[in-house]
Amino acid sequence: MSRPADADALVPPALREAVLAWYSANGRPLAFRAAADPYAVLVSEVMAQQTQAERAGDAWVAFMARWPTVADLAAAPVSDVLRAWAGLGYNRRALALHRAARAIVDQHRGQVPDDLAALEALPGVGRYTARAVAAIAFGRPVGAVDTNVRRVLGRVAGGDCAPLAAGAMQALADAVVPEGRAAAWTHALMDLGAGPCARGEPRCGQCPASDWCRYAAGKRTPDAPSPPARRDPSPSFPSTNRWLRGRVLDRARGAVDGAWRGYADAIGSHPAAAVREAVLALAGEGLLEARETPEGLEARLPS
């Protein structure tokens, strides 16, 4: 996609310098930000996709100590990777990361590719994660557009959280990456969106971009109304299917030496039929192995 003609007018170089200076003084001290190795960056980005950054940072330290190279991860039993993922949620990410490691070893000679198309072809790596890895690990001048970055650039450039279509937003994000500062810029926009430019009422007085921001200048439309509360907002709610799936996996994680565990009874408020359905669904996704026995349904982590 070509560079927007007005990119420098919408996000001026002076704004970028101010944001980078702010990040240098105020950036979150996340453990994985000290890493430049592409594999380490890939692991951190997959972990942080749907997990609070601070929690992902703690898990990343332990994960990298256990599997310091992509070859180590590719050679690991998938059951070990799923056990190590406990507490991070969205367990399909662990399975996808393991598959991505094997693809890197088999298809890329053990080197994380620096090409966007090749990155996006890896299991579990979409447009955002591919661009984050390309920018942070390889210094590519591409914009990693997540919810926070979309909000920051939307407010700066258009006075709204989402004034641009997805393609135009991506083109703007790519165009305004400061030369030679792709990694710092990526982290800075994420932190700005998680901090002063948060959803709702932003703290414009604390924002380094406020002097150039159309939202801060009042040339804005209100934030879109918050979406209705989701019926399954958190795995901590025992009535939800996500909670049940987590407990089913936790039971398999706790088995000694990969032993089969029974799932013939209710779990919490979920009847045996719902437990059975959850086990079979997880098996269909590759997160469990399941078998029928005279005593009922059994499952274990995949070998």
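With the helix formula -39500 (n - 2.57) applied to DSSP H stretches of n ≥ 4, the chain reaches a computed 222 nm mean residue ellipticity of -14500 deg cm²/dmol. Length gained on full extension, Gln50 to Asp211: 54.8 nm, using 0.36 nm per residue less the C-alpha separation.
Binning all Cα-Cα separations of the stretch 1-151 at 5 Å, short to long from zero, yields these whole-percent fractions: 1, 9, 17, 22, 20, 13, 8, 6, 3, 1, 0.
A simple spin-label model places pseudo-atoms 7 Å from Cα toward Cβ; at Asp6 and Glu179 they are separated by 2.5 nm. Remark: the stretch 65-77, residue by residue, has Karplus-estimated 3J(HN,Hα) of 5, 7, 10, x, 10, 5, 5, 4, 5, 4, 7, 6, x Hz, where x stands for each Gly or Pro and the curve is 6.51 cos²θ - 1.76 cosθ + 1.60 at θ = phi - 60°. Rounded to the nearest whole angstrom, the semi-axes of the ellipsoid equivalent to the stretch 65-210, taken from the Cα gyration tensor as √(5λ), stand at 32, 18, 13, largest first.
Projected label points at His108 and Ser269, each 7 Å from Cα along the beta carbon direction, are separated by 4.4 nanometres.
Computed from the Cβ-Cβ distance with R0 of 25 Å, the FRET efficiency linking Ala31 to Asp80 stands at 0.70.
Taking Cβ atoms as reference points and 12 Å as the exclusive limit, the residues near Gly126 contribute a net charge of 0, counting Lys and Arg as +1 and Asp and Glu as -1.
Taking the inverse of the mean 1/r over every pair of distinct Cα atoms in the chain gives a Kirkwood hydrodynamic radius of 21.1 Å.
For the chain, the longest principal axis of the alpha carbon atoms and the long axis of helix 127-138 meet at an angle near 70°. If you take the Cα Rg of the stretch 241-300 and divide it by 2.2 N^0.38 Å, with N the number of residues, what do you get? Taking N as the residue count of the stretch 241-300, the ratio is 0.98.
Readers should treat all values here as calculations from the given coordinates under stated rules, not as data from a laboratory. In this text the structure is predicted, and so the values were computed from the model without any measurement. All Cβ positions, glycine included, derive from the backbone under ideal geometry; neighbour counts span all protein chains shown.
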